[in-house]
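Okay, so here's the structure we're looking at.
Every number in this text was worked out from the coordinates using simple rules, so none of it is lab data. Small disclaimer: the values here were computed from a predicted structure and weren't measured. Glycine also receives a Cβ, built like all others from the backbone with ideal geometry; neighbour counts cover every protein chain displayed.
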Amino acid sequence: MKIVGIFVIVLVFNIVFVIEMDILLGFSLYHSLDNMMNHFRAMSAPEHVLLIFMFVFLLIAPIKLMLNKTSKQEK
């Protein structure tokens with residue numbers, strides 16, 4: 001669970017950094033967010049499937065580990 005937390009914190013810091021850099025370059029907040037999401041709009045359907053598949057596996061492993069720990073603690 002710590003790894004997922006660190007991943008989320010690093011992701012948020014990177015997103016904030018990119019938005020701040022775009023604002024310093026003179027873009028509006030809307031334009032900065034639009035630039036960040038443009039990469040996902042350019043992806044094809046198989047790439048979207050692979051991205052969702054990756055996120056599912058990223059989330060399943062920590063949840064499964066957490067459920068195993070709670071079931072062992074109850075016994």
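Scaled to the globular estimate 2.2 N^0.38 Å, the Cα spread of the chain, given as radius of gyration, is 1.55. For the pair V4 and F40 in one chain, pulling the backbone fully straight at 0.36 nm per residue adds 10.8 nm over the alpha carbon distance. Evaluating 6.51 cos²θ - 1.76 cosθ + 1.60 at θ = phi - 60° for every residue in region 42-55, the Karplus couplings come out as 7, 6, 8, 4, x, 5, 5, 4, 5, 5, 5, 4, 5, 5 Hz, glycine and proline recorded as x. A straight chain from I15 to H31 at 0.36 nm per residue would run longer than the Cα-Cα distance by 4.4 nm.
Over all other residues within a Cβ to Cβ distance under 15 Å of M66, the charged ones net out to +3, with Lys and Arg as +1 and Asp and Glu as -1.
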